[in-house]
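Data block below; observations after.
The values are calculated or read from the model by the stated rules, or taken from the named source; none is laboratory data. Keep in mind that what you see is a predicted model, and the values were worked out from it rather than measured. Cβ: placed from backbone, ideal geometry, glycine included. Neighbour counts: every protein chain shown.
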């Protein structure tokens, strides 16, 4: 059986990521993430080049540290310039290790040529790992209930 | 795990004066000054900012360049200055550049 890789679980970038220009407010970013349910917001400069990123937890941490006054600040004051990523070829276990160690929910996936391909959610990795375990169990003679099948296919 | 960055302004270079590998901060300030980040035992941080260029320009721009450099490092590392080590700076210079964001 071919083991699943992180690249197999990529979510659609158009639905999960939006962009905003430099100079946007943190409030604008918060709207994209919490109202429009985006996983991340990429910040672009005047030439449409990506300059940074804001994740859901970044807004939460900023509110905790600086209060709601952060909403009036420019996004450049709190955006990430560096991110931790995995490659599409990395295993599910490697993805889980990064997620657990650095307490993130959405893992960015970066190709070898520097293309940010998308994000993988921790739930998707866990579900894929469970599916692997179930297949191995079944192949070794274990029985799967209907409830387990339903949960894994959700 | 890959550490990736939207910015690649830190490069390892051989300092022509000393022949030692240091980190060059390729700043975007409009001045002909080179900004080096180098290891040192002379302070508690273990590193320092060395600005090279015309003495008058260095004198005039020193404070702004220091603030700009430290601000850049703090934003990339998301750490207070007192917690930034030279190893952190070397790690930043080794980050993979994010060249594009895949969207339709």
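Structure notes:
- Any chance residue A:96 is surrounded by 15 or more Cβ atoms within 10 Å (Cβ to Cβ), modelled with pLDDT of 90 or more, more than 22 Å from residue A:28 (Cβ to Cβ) and in contact with a helix residue (DSSP H, G or I) (Cβ under 6 Å, 6 or more places away or on another chain): yes
- Among residues of region B:80-92 being more than 14 Å from every other protein chain (Cβ to nearest Cβ) and surrounded by 13 or more Cβ atoms within 10 Å (Cβ to Cβ), the one that is nearest to residue B:33 (Cα to Cα) is B:86.
- All of (1) without any contact (Cβ under 8 Å) to a residue 40 or more places away in the chain; (2) within 30 Å of residue A:16 (Cβ to Cβ); (3) exposed (fewer than 14 other Cβ atoms within 10 Å of the Cβ) hold for residue B:77 with one exception: (3).
- Verdict on residue B:35 being in contact (Cβ under 8 Å) with a residue 24 or more places away in the chain, farther than 17 Å from residue B:87 by Cβ and assigned to a strand (DSSP E or B): yes
- Taken together, A:33, A:42, A:68 contain a single residue that is out of contact with any helix residue (DSSP H, G or I) (no Cβ under 9 Å at 6 or more places or on another chain) and away from every other protein chain (no Cβ under 12 Å), which is A:68.
- Scanning region A:95-116 for residues that are under 20 Å from residue A:3 (Cα atoms) and facing chain B (nearest Cβ under 7 Å) yields A:98, A:110.
- Test: residue in region B:93-104 that is within 14 Å of chain A (Cβ to nearest Cβ), under 14 Å from the mean Cα position of the chain (by Cα) and assigned to a helix (DSSP H, G or I): yes
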